[in-house]
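Notes to accompany the following structure.
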Amino acid sequence: MFIISLIYSGKNIDLTLNPFYVLTPSMDVLNFLGASGRLPIVKFEAWWSLITANWLHGGLLHILFNMLALKTVAPLVMYEYGVCRMFTIYTLTGIAGFLLSYIGNVYLTIGASSGLCGLIGAALYFGKSRGGQWGQLVYKQTSGWVLSLVLIGFLMPNINNWGHAGGLISGVFLGWVLGYNDKRKENLLDKSLAVLFVCITTWLLARSVIRGFILIFT
């Protein structure tokens with residue numbers, strides 16, 4: 001989706017040497033592909049953007065940071081909750097983060113960080129709930145991540161703290177509701193829910209990509 005957003009942006013890509021804005025896609029393109037926030041939801045009633053915004057990024061540094069975080073957090077959550085519950089948590093906490101961003105009057109927002117904070121919240125709940133040496137280790141590690149998120153939110157520009165907070169809180173809640181492997185194994189309902197979210201997400205993203213292709217190239 002990041003590469004597609006750059007292709008669709010064409011000459012409107014930001015080629016600045018500022019590391020925070022290098023390879024920034026056009027805001028109009030990001031809005032069309034599914035950015036969330038007050039603008040798309042109020043002006044275009046694009047409630048579906050609560051899902052699609054989780055898969056868009058606003059620059060090279062933005063996506064690199066989020067993918068490095070994903071590489072760190074996702075394997076832990078997949079191991080303790082299973083792949084299906086991990087994807088469900090990522091999707092639902094992304095929705096929660098962008099919904100809170102809308103309520104908090106964030107104009108335009110994108111990025112995987114809401115869902116990532118949701119995964120951190122689920123890992124935080126796991127560590128606290130499980131206890132023992134392993135649980136304490138996970139809880140200590142994830143607590144450090146939460147502290148880092150708070151510091152980054154205050155120190156770096158253009159950070160969506162509403163999205164981070166919504167993702168983190170809903171991640172703790174879903175970790176409790178869905179449970180982890182030590183409490184119960186993934187079942188058919190977990191798998192069906194994940195497949196449903198995969199299908200909905202794929203359809204929403206593909207719809208925007210196809211419409212954009214038709215508008216730009218034909």
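The values are calculated or read from the model by the stated rules, or taken from the named source; none is laboratory data. Not measured: the values here are computed from a predicted model. Every residue, glycine among them, receives a Cβ derived from its backbone with ideal geometry; neighbour counts consider all protein chains shown. Heavy atoms of the whole protein, side chains included, go into the accessibility calculation; ligands, DNA and RNA do not. Shrake-Rupley method; radii C 1.70, N 1.55, O 1.52, S 1.80 Å.
Is it true that Ala122 is within 14 Å of Tyr81 (Cβ to Cβ) and within 15 Å of the chain's Cα centre (by Cα)?
Yes.
Give the stretch 30-44 a look and list any residue that's open to solvent by 20 Å² or more (accessible area, probe 1.4 Å) and closer than 15 Å to Gly212 by Cβ, or say none.
Asn31, Phe32, Phe44
Hey, Thr24 hits all of (1) more than 29 Å from Leu178 (Cβ to Cβ); (2) crowded, with 23+ Cβ neighbours inside 10 Å; (3) modelled with pLDDT of 95 or more; (4) out of contact with any Pro (no Cβ under 9 Å at 6 or more places or on another chain) but one; which does it fall short on?
Thr24 satisfies every listed condition except (3).
Does Ile214 satisfy being assigned to a helix (DSSP H, G or I), open to solvent by 90 Å² or more (accessible area, probe 1.4 Å), within 20 Å of Gly115 (Cα to Cα) and β-branched (Val, Ile, Thr)?
For Ile214, the condition - assigned to a helix (DSSP H, G or I), open to solvent by 90 Å² or more (accessible area, probe 1.4 Å), within 20 Å of Gly115 (Cα to Cα) and β-branched (Val, Ile, Thr) - is not met.
Take the residues in the stretch 151-167 that are more than 16 Å from Tyr102 (Cα to Cα) and of a type outside the set (Val, Ile, Thr), then tell me which one is surrounded by the fewest Cβ atoms within 10 Å (Cβ to Cβ).
Among those residues, the one meeting the criterion is Pro157.
Yes/no matrix, rows are residues, columns are (1) under 10 Å from Leu168 (Cα atoms); (2) of a type in the set (Phe, Trp, Tyr); (3) touching a residue at least 60 places away in the same chain (Cβ under 8 Å):
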site	(1), (2), (3)
Met78	no, no, no
Thr88	no, no, yes
Phe98	no, yes, yes
Gly104	no, no, no
Tyr107	no, yes, yes
Ala112	no, no, no
Gly115	yes, no, yes
Gly121	yes, no, no
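Restricting to the stretch 145-182, what's the tally of residues that are over 19 Å from the mean Cα position of the chain (by Cα) and at pLDDT 95 or above?
Residues in the stretch 145-182 being over 19 Å from the mean Cα position of the chain (by Cα) and at pLDDT 95 or above: 6 in total.
Give the stretch 12-66 a look and list any residue that's without any contact (Cβ under 8 Å) to a residue 24 or more places away in the chain, among the small types (Gly, Ala, Ser) and closer than 15 Å to Tyr107 by Cα, or say none. Even if it seems obvious, please write down each step before you answer.
First, the residues of the stretch 12-66 that are without any contact (Cβ under 8 Å) to a residue 24 or more places away in the chain: 12-13, 15-18, 26, 28, 42-47, 64-65.
If we keep only those that are among the small types (Gly, Ala, Ser) as well, we get 26, 46.
If the condition is that a residue be without any contact (Cβ under 8 Å) to a residue 24 or more places away in the chain, among the small types (Gly, Ala, Ser) and closer than 15 Å to Tyr107 by Cα, then Ala46 is the only one that fits.
Output the residue which, of all residues in the stretch 171-194 that are free of Cβ contacts under 8 Å to residues at least 24 places away in the same chain and aliphatic (A, V, I, L, M), is nearest to Gly135 (Cα to Cα).
Taking the candidates together, the pick is Val177.
Being out of contact with any helix residue (DSSP H, G or I) (no Cβ under 9 Å at 6 or more places or on another chain), among the hydrophobic types (A, V, I, L, M, F, W, C) and assigned to a helix (DSSP H, G or I): is that true of Leu151 here?
yes
Leu39 - would you say it is within 18 Å of the chain's Cα centre (by Cα) and in a helix (DSSP H, G or I)?
no
Of all residues in the stretch 170-201, count the ones that are loosely packed, with under 15 Cβ neighbours inside 10 Å and assigned to a loop (DSSP other than H, G, I, E, B).
The total comes to 6.
Hey, among Leu61, Leu50, Leu116, Leu68, which residue is at pLDDT 95 or above, hydrophobic (A, V, I, L, M, F, W, C) and over 11 Å from the mean Cα position of the chain (by Cα)?
The match here is Leu68.
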